[in-house]
Amino acid sequence: MSTEKSKDDSKLSVQGATPFVQTYFHGTKADLKIGGLIEPGFSSNFGQRKNAKYIFLSATLDAAIWGAELAVGEGRERIYLVEPIGAIEDDPDLTDKKFPGNPTKSYRSSEPFKVVGEVSVWQGHPAEQVNAMKVALEQLKEQGINSLNDE
């Protein structure tokens, strides 16, 4: 009996289409509406606070929680489920340009995201961890190390 697989045998192990799509999250303090769009062009939460060329999303809830916790403003921290309308690409602040791969599964786009839901139950990071992150980001800013998204 031969141990080689024929071309037809290999097709049997390929998984067909599924109804599931990648879930993306967006953390913010903005009060958004289901069905609404998140678009670039508003002041960035990070870096030099310029009008943002990009908007951000993540395939991990943890990264979205960080986004909500670190967002500027006084609003309630929120996590939205979003669908990108156009192309997305790796966020250079959290990928190969600073860290190997894309461990947080963080992405950016210059095209809108549609808000399709909100995560109503989630647990934030401990306050001391959030404060330490804010201090570290402020130190980077003071050293003139800015977000790659500001370029």
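Of all residues in the stretch 38-63, those that are over 19 Å from LYS141 (Cβ atoms) have Cβ atoms under 6 Å from Cβ atoms of residues that are modelled with pLDDT under 75 and loosely packed, with under 15 Cβ neighbours inside 10 Å, 6 or more apart or on another chain, in GLY41/ASN51. Checked against (1) within 18 Å of the chain's Cα centre (by Cα); (2) at pLDDT 90 or above; (3) part of a loop (DSSP other than H, G, I, E, B), LEU57 passes all but a single condition, namely (3).
Within the stretch 104-140, can you find the residues that are within 11 Å of the chain's Cα centre (by Cα) and either of a type in the set (Lys, Arg) or surrounded by fewer than 17 Cβ atoms within 10 Å (Cβ to Cβ) (or both)?
First, pick out the residues of the stretch 104-140 that are within 11 Å of the chain's Cα centre (by Cα): 104-109.
If the condition is that a residue be within 11 Å of the chain's Cα centre (by Cα) and either of a type in the set (Lys, Arg) or surrounded by fewer than 17 Cβ atoms within 10 Å (Cβ to Cβ) (or both), then LYS105, ARG108 are the ones that fit.
The values are calculated or read from the model by the stated rules, or taken from the named source; none is laboratory data. Owing to the predicted nature of the structure, the values given are computational and were not obtained by experimental measurement. Backbone-built Cβ (ideal geometry, glycine too); neighbour counts: all protein chains shown.
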